[in-house]
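For reference, the structure is listed below as structure tokens.
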Amino acid sequence: MKKVFFLLIIFLFSQFSAQEKLMFWPKGEMPNSKILASKTKKKKILAELKEPELFAFLPPLKERKQMSVIIIPGGGYSKLTYDEGAFQIAKWMNTQGISAFVLNYRLPISTDLIQREIAPLQDAQAAVKYIRKNAELWKISPNLVGVVGTSAGGHLATSVSNITTDYTELKGDWTSISVIPDFAVLFCPVIDLGEYAHKGSRDSLLGENASTEKITEYSMQNRLTEKTPPTILFHNQDDTAVPPMNSILYYKAMTKNKVKGSLFIFPKGGHRFFVTDKNPLSENWKKLCADWLETIGNK
């Protein structure tokens, strides 16, 4: 009896933790790559090229809602913080019946890139297209695909939410698929690359000597319009890595452009929002987020 119970627990856990790795760029069509663009490329070099990927976390079919999210981890655009900043959130989303896809995107510091600052955006846009194109396979809706961004991942989430130019260069039936997600969830997001910037993120994305024009262009509060998707933001007042003014500036722009959403700033928590947090105030983000996502799913 104990053995049967143990196997049942393993099975149930696997339903919420199993992940599948998906290569979402069509073979040989990933843009902005020196190796792929080279006419003299060698097969060995090509095999060593690190391509972006998605890790799929799917709840059981009987509990699966139509909604899905692409989770974009942070790391200052110089690394990717997967575990608590992405995988745990993906598993929590599964408990809400929401399918989650963790995005492993190209970092702008990669020496393979032709144009550094658009590479993460190209991957995020392609991921949105890929999930919409294949939504029927996962029994989800192509019209309820959101993005979840943490820290620098929040900057990428707002970039894909606001930049309408399709940088994927994908052809054929890909061209009719929108690159703009349907909603966004942001945790301690990097928004401003000027006065309130996280310097590491800015330097990695734009370089250490970025022009004022480039900084303004990639400060996402400046790109927000009335067409920006509904967005909920979570920040902590004592965040010394990414000042909460980043979220305030974005929400101010949302209000100005009549974009639906919410902003929650908690007094303590630093630069983190983890599923396992036990802070009596900031742990409320889970209920607030779940309730807000319910309103999006019922629109």
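The values are calculated or read from the model by the stated rules, or taken from the named source; none is laboratory data. Predicted model, so just to flag it, every value in this text is computed and none were measured. A quick note on method: Cβ atoms are made from the backbone with ideal geometry, for glycine too, and the neighbour counts reach across all protein chains shown. These area figures cover heavy atoms from the full protein model, side chains too; ligands, DNA and RNA do not enter into them. Shrake-Rupley method; radii C 1.70, N 1.55, O 1.52, S 1.80 Å.
Some observations on this one:
- Simple point charges give the picture: +1 on the Cβ of Lys and Arg, -1 on the Cβ of Asp and Glu, and for the chain a dipole about the Cα centre of about 760 debye.
- All other residues whose Cβ lies under 12 angstrom from that of Lys65 are scored, Lys and Arg at +1 and Asp and Glu at -1, for a net of +1.
- Bins of 5 Å from zero: percent of alpha-carbon pairs in the chain: 1, 5, 12, 16, 18, 17, 13, 8, 5, 2, 1, 0, 0, 0
- For the pair Lys21 and Glu136 in one chain, pulling the backbone fully straight at 0.36 nm per residue adds 39.6 nm over the alpha carbon distance.
- Dipole moment magnitude, nearest 20 debye, region 168-215 about Cα centre, only Lys, Arg, Asp, Glu C-beta charged: 60 debye
- All other residues whose Cβ lies under 14 angstrom from that of Asn104 are scored, Lys and Arg at +1 and Asp and Glu at -1, for a net of -1.
- Peptide ranges 233-242, 136-145, 95-104 listed from the most packed, as the mean C-beta count within 10 angstrom indicates: 95-104, 233-242, 136-145
- Dipole axis of the chain (+1 Lys, Arg; -1 Asp, Glu on Cβ), positive-most option in Ile72, Leu121, Pro52: Pro52
- Fraction of accessible area attributable to carbon and sulfur, region 109-215 (%, probe 1.4 Å): 47 percent
- Entries in Lys21/Lys91; Lys27/Lys139; Lys252/Lys286; Lys27/Lys133; Lys79/Lys268; Lys258/Lys286 that, when Cα-Cα distance is taken, lie over 18 Å: Lys27/Lys139; Lys252/Lys286; Lys79/Lys268; Lys258/Lys286
- Normalised by 2.2 N^0.38 Å, where N is the number of residues, the alpha-carbon radius of gyration of region 85-244 equals 1.03.
- Most mobile listed residue (Gly261, Gly146, Gly76) in the chain, GNM with C-alpha springs under 10 Å: Gly261
- Amide H contacts under 5 Å for Ile71, placed H, 5+ residues apart: Phe101, Val102, Leu103, Val148
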